[in-house]
Amino acid sequence: MGGQRIDGWLASNETIAFGARNFLVWSVARGHAHGVAIPTRRSTRGQQALPEPDQRWSLSRRLLHDTELSTVDRVAGCLVLLCGQPCTRIAHLTTAKVTDTGQTLDLMLGTRPVEIPEPLSTLIRDLVRTRKGYAVVGHTDAHPWLFPGGLPGRPISAAQLKHRLNRLGIPTRAGRNTALMELAGQLPAVVLSRLLGLHINTATLWSQDAGNTRPGYAAEVARRALRKD
């Protein structure tokens, strides 16, 4: 009967149901449930990735060191390739997300700050100092946006940012997927979630796809994280 109910639940709400797999594995492992399972869902997260293993790093090196490129493009591209951020979130970053002590620079992408190393920290400092919309003449700091757009008081659009990066040969979705897959293979899901602004369920699924699978640990940490938040 339990298996039939789970099958029905999977059919009725696949996205939520598959997200509960870690908790069910944890429950079975500790004897709280028996003879039930949620199968692993075939993922498409890593299918659209950069074709060459070193392409992420070669593109990142170009952005970090090519002074002929716009600072806007260099910072935005690095946030995609090194931090796994989507253009929609990058476009809406504000200067309030940047904490600069003069010695270190932190960027708040999730619920915990990320300490940004050199030379990217210098690029972000330059962006904060010189930011201006592409239709605005001269420097202005009368807006909160790290990436201001052409309309007064508005950020750059995600579509415009994506177009700028694609024009430089940076495929934003493939670049972000590659970054997330590599980061998910190195960091626990809860750390990935808090540093990069991913939902804990999404971060756990990325960790599974990257082979960083510790179901019991992931389920327990996920429940603790949700209680705290």
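We did not get these values from a lab; they are worked out from the coordinates using the rules stated. Source: prediction; values computed, not measured. As a convention, Cβ positions derive from the backbone with ideal geometry for all residues, glycine included, and neighbour counts pool all protein chains shown.
So the values come out like this:
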quantity	calculated
Label point 7 Å beyond Cα of residue 160 along Cβ direction - residues of segment 98-134 with amide nitrogen under 15 Å	131-134
Residues whose placed amide H lies under 5 Å from that of residue 94, excluding near-sequence neighbours	146
At R0 = 30 Å, FRET efficiency that the Cβ-Cβ distance of residue 62 and residue 199 yields, to 0.05	0.45
Per-residue HN-Hα couplings for segment 122-131 [Karplus 6.51, -1.76, 1.60; θ = phi - 60°; Hz; x = Gly/Pro]	5, 5, 5, 4, 4, 5, 4, 6, 10, 4
Phi-based couplings in Hz for segment 75-88 (Karplus 6.51, -1.76, 1.60; Gly and Pro marked x)	5, 4, x, 5, 5, 6, 7, 9, 10, x, 8, x, 4, 4
Approximate spin-label separation residue 173-residue 118, in nm, with each point projected 7 Å along Cα-to-Cβ	3.8 nm
Residue 103 versus residue 125: modelled label distance in nm, points set 7 Å from Cα along the beta carbon direction	1.4 nm
Segment 160-174 - phi-based ³J(HN,Hα) in whole Hz, Karplus 6.51/-1.76/1.60, Gly and Pro as x	5, 5, 4, 4, 4, 6, 4, 5, 8, x, 10, x, 5, 5, 5
12 Å beta-carbon shell around residue 104, net charge (K/R +1, D/E -1)	-3
Distant-in-sequence amide H partners of residue 197 (H built 1.01 Å from N, under 5 Å)	110, 111
